[in-house]
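Taking it in order: structure first as C-alpha cells, then the write-up.
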Amino acid sequence: MDGLMMAFPLTLPHLFQRAADYYPEVEIVSRRPDKSLHRTNYAEFHGRAQQLANALKRLGLKPGERVATLAWNHSRHLEAYFAIPLAEGVFHTLNPRLSPTDLSYIMNDAEDVMLLVDDVLLPVWEKLKADVKVRQVVVWAHGQDLPEGTLDYEQLIAAEPASYEIPAIDENQAAGLCYTSGTTGRPKGVLYSHRALVLHSMVSALPDVLGASFTDVVMPVVPMFHVNAWGLPFTCTMIGAKQVFPGPHLDAVSLLDLMAGEGVTKTAGVPTIWLSLLDALDKAPPGTWDLSKLNEIISGGAAAPPSMIERFERDHGLHVVQAWGMTEMTPLGTVSRIKPSLAGLPAEEKLALRATQGLPVPLVEVRVESLEGPAPWDGKAMGELMVRGPFIASAYFKNPAEATKFTEDGWFRTGDIVTTSPEGYVRITDRSKDLIKSGGEWISSVDLENALIGHPAVAEAAVVAVPHPKWDERPVACVVLRPGASATPDELRAFLAPKFAKFWLPDAYLFLEAIPRTATGKFMKMALRKQLKDFRWSGNE
Ligand code: ADP
C-alpha cells in the first residue's frame, strides 16, 4: 500500500523562496577584487537572481543547456547558482586553476552555451576562447570597460523584471555540473539533480554533520567551483544563515581579517589553507584577530594532519572538524565528531579519532571490500571504500567508459583505501593508486605524511612509491622544510621510527622547494612519481 503523502518535488526554487520569505534581511557579504566589501541580503539576492533567470531566457537558454561559470566566491556567483536552474539550465562551475587545455576540454565536453566570468579571470578565458564555442560571454565586472563581444552582467540584469515565473521542475532534472579535478585521469563530469542538491543541503545542516543554523555566519573558503563549495551556499540559503564570501583573496591574512570583521562562526576549506592560517596566527601577536565567534573550522578534500588539529586547539582555542567527500558525492560522505559513548576516551585517543574521516552521514551507506571480501571493523584491515545514496552519482556525464567505477549491485567505488574502527569510524589510509606495495604488504603514504608534518622543521611532506628491485615498491619521502629550518634524513627517520613498523619507514628523504599540486591544491603524486622514476637505490636498503 502506498503512503498518502504529497508528491512534493525536492527542488532548488523551494530553498530560494524560503530564504527570501523568512530571512530577507540576512546579509550576504562578498569581498571584491579591490578588497572592499559588498553587502547584499536575501531579499535583494532574490530579486537579482530572478532578473538573471529572465535574462538567461531572453538570451535563448533552453531547458537542460549548460551555462558555465568561471568565478571566485561571491554573491553574484550565488545568484547564478539559483538563477540558472530556475531558468531550467544547468550551472557548470569551472576551476580557473586548471590548464587552458583541460578547461577547453571540459567546456567542450559539457557543451556549455554561455559563460559567466569574473573580470579578474578574463585572462584565463582569453587563453582558451579560441578553442571553445559559446553563444554569450557575460562579465561580472566592476564598472570598467569590457572586451568587445562581451556583456556586462549588471547592464544585462538591469533590463529585466525582478519577478520570474518559476516553471514546474521535476526533482530529477539536472541543476548543476562539476568535473572532478582529474587527480586520477581525465576530468569526468558529475551531473547533480535538484533532488540531490536539496537532500544534500538537508543532511549537511544536521547538528552532527556540518551543524549549520540560522544563527551561523558561514564562510566557505572552499571555492564555489569545487563541488559547489561543498554545498554550503545551498545549505546556508535553505536555512537563512549569513554567508561571507572571500572573493579572490585567499591568503591567510585576508581570510583572518574577514573572519574577525564579519564574526564568522563556521568556515570550510582544505588543509593547505588551514596550515597557512595556522602559520599566520602563530606569527602574529596574540589578539591580532578576534576569532571568539569562530566555533568550527571544517577541513576536507585531503587528510587533516592530527598535529594541525591539535595545534589549532592547543595554541589558538580553535576547533577543527574533519569531513571526507568526493565530487561524485555532492560531496559529503563522512564527518568526524566524537560520539557521546566515546566522550570518556583519553584526550590522545579522541584526537586520533577526530583525525579519522569519521562516521558516514545520514543517507550515505558505505561498505569496505578487501581482497579477501568485506573488511572487518577492527581498525586494521584495509579495503576499498564503496558508497551509495541519493546524492551519489550513478554514472558520469556522457562517459560510459567509466562504468567500472560503479558496481553491478549499485555501489560507487571511491578508489579510497580505508580501515574502519570498531565504532564505525572510517579512516582513509590512501588512494588506491598512491598506496605503496612493499614486499606484499601495504604501506599508507597518508599516515607517513601526517606523521612527518608533525616534525617542527617540516612544512609539507608527500610520500610516494618508487619501484624497487627487491621489494617491488618502497616509500620515498619528499619534504619541504619551513623557511630557515633544517633537518637531516637521519633526524626525520628517528622521528618516525617510534611510530611505525620498521618496513614502513621511507628509504630516502628528498628535500624539495615545493611539492607539485593539482588545481584543487592536492599533491600531484603522479608528477612526483614521474620525477622519481629513475631514482637510483644505493643498494643497501
Ligand atoms: P579529485 O577526485 O579530482 O581529487 P575530489 O574533490 O572529488 O577531486 O576528491 C575526492 C578525494 O579527495 C577523495 O576520494 C579522497 O581521496 C580525498 N579526500 C577528500 N576528503 C578527504 C579527507 N578528509 N581526508 C583524506 N582524503 C580526503
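Could you list, in sequence order, the residues of segment 461-488 that are touching a strand residue (DSSP E or B) at 6+ places or on another chain (Cβ under 7 Å) and more than 30 Å from G440 (Cβ to Cβ)?
Answer for segment 461-488, where residues must be touching a strand residue (DSSP E or B) at 6+ places or on another chain (Cβ under 7 Å) and more than 30 Å from G440 (Cβ to Cβ): V480, L481, R482, A487.
I'm trying to understand the selection: among the residues of segment 446-467, which are in a strand (DSSP E or B), of a type outside the set (V, I, T) and crowded, with 19+ Cβ neighbours inside 10 Å? Give the steps one after another, and end with the answer.
Filtering segment 446-467 for residues in a strand (DSSP E or B) gives 458-467.
Of the ones still in play, those that are also of a type outside the set (V, I, T) are 459-462, 465, 467.
Across segment 446-467, the qualifying residues are E460, A461, A462, A465.
Mind checking whether some residue in segment 335-351 is part of a strand (DSSP E or B), modelled with pLDDT of 95 or more and out of contact with any helix residue (DSSP H, G or I) (no Cβ under 6 Å at 6 or more places or on another chain)?
Yes: one or more hits.
Can you pull out the residues in segment 67-99 that are within 16 Å of the chain's Cα centre (by Cα) and either open to solvent by 10 Å² or more (accessible area, probe 1.4 Å) or within 17 Å of R32 (Cβ to Cβ) (or both)?
A71, W72, N73, N95, P96, R97, L98
Is it the case that some residue within segment 255-262 is within 16 Å of the ligand (Cβ to nearest atom), in contact with a strand residue (DSSP E or B) (Cβ under 8 Å, 6 or more places away or on another chain), open to solvent by less than 10 Å² (accessible area, probe 1.4 Å) and touching a residue at least 12 places away in the same chain (Cβ under 8 Å)?
Within segment 255-262, not a single residue is within 16 Å of the ligand (Cβ to nearest atom), in contact with a strand residue (DSSP E or B) (Cβ under 8 Å, 6 or more places away or on another chain), open to solvent by less than 10 Å² (accessible area, probe 1.4 Å) and touching a residue at least 12 places away in the same chain (Cβ under 8 Å).
Which strands (runs of 3 or more DSSP E) does segment 117-236 wholly contain that include 3 or more residues that are touching a residue at least 12 places away in the same chain (Cβ under 8 Å) and hydrophobic (A, V, I, L, M, F, W, C)?
Once the strands (runs of 3 or more DSSP E) in segment 117-236 are filtered for at least 3 residues that are touching a residue at least 12 places away in the same chain (Cβ under 8 Å) and hydrophobic (A, V, I, L, M, F, W, C), what remains is 136-140, 174-179, 217-220.
Looking at I436, I392, I417 in this structure, which one is among the β-branched types (V, I, T) and within 21 Å of G189 (Cα to Cα)?
I392
Does at least one position in segment 470-479 carry a residue that is of a type outside the set (F, W, Y), open to solvent by 80 Å² or more (accessible area, probe 1.4 Å), part of a helix (DSSP H, G or I) and more than 22 Å from D279 (Cβ to Cβ)? Steps first, please.
Within segment 470-479, the subset of a type outside the set (F, W, Y) is 470, 472-479.
Checking the rest, the ones that are also open to solvent by 80 Å² or more (accessible area, probe 1.4 Å) come to 470, 472.
Within this subset, residues satisfying the condition of being part of a helix (DSSP H, G or I) are none.
Within segment 470-479 (the criterion being of a type outside the set (F, W, Y), open to solvent by 80 Å² or more (accessible area, probe 1.4 Å), part of a helix (DSSP H, G or I) and more than 22 Å from D279 (Cβ to Cβ)), the answer is no, since none of the residues qualifies.
Does any residue in segment 420-436 that is farther than 14 Å from G379 by Cα and in contact (Cβ under 8 Å) with a residue 40 or more places away in the chain come within less than 8 Å, Cβ to Cβ, of a residue that is open to solvent by 50 Å² or more (accessible area, probe 1.4 Å) and near the ligand (Cβ under 10 Å from one of its atoms) six or more places away or on a different chain, and which pairs are these?
Listed pairs, sorted by first residue: R431/T184; K433/T184.
Quick check on segment 503-520: of everything there that is more than 16 Å from the ligand (Cβ to nearest atom), outside any strand (DSSP E or B) and out of contact with any helix residue (DSSP H, G or I) (no Cβ under 6 Å at 6 or more places or on another chain), which residue is farthest from S486 (Cα to Cα)?
Taking the candidates together, the pick is F503.
Filter segment 345-400 down to the residues that are aromatic (F, W, Y) and touching a Pro at 6+ places or on another chain (Cβ under 8 Å) and list them by number.
If the condition is that a residue be aromatic (F, W, Y) and touching a Pro at 6+ places or on another chain (Cβ under 8 Å), then W377 is the only one that fits.
Would you check which residues across segment 283-328 are within 23 Å of C178 (Cβ to Cβ), part of a helix (DSSP H, G or I) and not hydroxyl-bearing (S, T, Y) and list them?
Answer for segment 283-328, where residues must be within 23 Å of C178 (Cβ to Cβ), part of a helix (DSSP H, G or I) and not hydroxyl-bearing (S, T, Y): just E328.
Give L275, L232 a once-over and let me know the one that is closer than 24 Å to E44 by Cα and within 16 Å of the ligand (Cβ to nearest atom).
Result: L232 is the single residue among L275, L232 that is closer than 24 Å to E44 by Cα and within 16 Å of the ligand (Cβ to nearest atom).
Do we find a residue being assigned to a loop (DSSP other than H, G, I, E, B) and either touching a helix residue (DSSP H, G or I) at 6+ places or on another chain (Cβ under 8 Å) or without any contact (Cβ under 8 Å) to a residue 60 or more places away in the chain (or both) anywhere in segment 491-501?
Yes, because at least one residue in segment 491-501 is assigned to a loop (DSSP other than H, G, I, E, B) and either touching a helix residue (DSSP H, G or I) at 6+ places or on another chain (Cβ under 8 Å) or without any contact (Cβ under 8 Å) to a residue 60 or more places away in the chain (or both).
Just to be sure I understand, how many residues within segment 429-445 are open to solvent by 20 Å² or more (accessible area, probe 1.4 Å) and within 13 Å of the ligand (Cβ to nearest atom)?
4
Every residue, every condition in (1) more than 16 Å from the ligand (Cβ to nearest atom); (2) touching a Leu at 6+ places or on another chain (Cβ under 8 Å), yes or no:
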| position | (1), (2) |
| --- | --- |
| A477 | yes, yes |
| R482 | yes, no |
| L492 | yes, yes |
| K522 | no, no |
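Starting from segment 510-521, take each residue that is at positive phi and list its partners that are within 10 Å of the ligand (Cβ to nearest atom) and in a loop (DSSP other than H, G, I, E, B), counting only C-beta distances under 8 angstrom and pairs at least six apart or across chains.
G521/V270; G521/G301; G521/A302
Suppose we keep only residues that are under 24 Å from K525 (Cβ atoms) and not aliphatic (A, V, I, L, M) within segment 280-305. Which one would you say is farthest from the ligand (Cβ to nearest atom)?
P305
Can you pull out every residue in segment 395-428 that is in a strand (DSSP E or B), open to solvent by less than 60 Å² (accessible area, probe 1.4 Å) and within 14 Å of the ligand (Cβ to nearest atom)?
Across segment 395-428, the qualifying residues are F412, T414, G415, D416, I417, V418, T419, V426, I428.
In segment 525-537, what residues are surrounded by 16 or more Cβ atoms within 10 Å (Cβ to Cβ) and part of a loop (DSSP other than H, G, I, E, B)?
L532, F535, W537 - these are the residues of segment 525-537 that are surrounded by 16 or more Cβ atoms within 10 Å (Cβ to Cβ) and part of a loop (DSSP other than H, G, I, E, B).
Consider only pairs whose beta carbons are under 7 Å apart and that are at least six residues apart or on different chains; among these, list those whose first residue lies in segment 335-361 and is at positive phi and whose second residue is of a type in the set (S, T, N, Q) and part of a loop (DSSP other than H, G, I, E, B).
G358/S336
Would you call D102 under 25 Å from the mean Cα position of the chain (by Cα), assigned to a helix (DSSP H, G or I), within 22 Å of F397 (Cβ to Cβ) and at pLDDT below 95?
Considered against the rule, which asks whether it is under 25 Å from the mean Cα position of the chain (by Cα), assigned to a helix (DSSP H, G or I), within 22 Å of F397 (Cβ to Cβ) and at pLDDT below 95, D102 comes out as yes.
The values are calculated or read from the model by the stated rules, or taken from the named source; none is laboratory data. Remember, predicted model here, so these are calculated numbers, not experimental data. Note that we place each Cβ from the backbone using ideal geometry, even for glycine, and neighbour counts take in every protein chain shown. Keep in mind that these areas ignore ligands, DNA and RNA; they rest on the heavy atoms of the full protein, side chains included. Shrake-Rupley method; radii C 1.70, N 1.55, O 1.52, S 1.80 Å.
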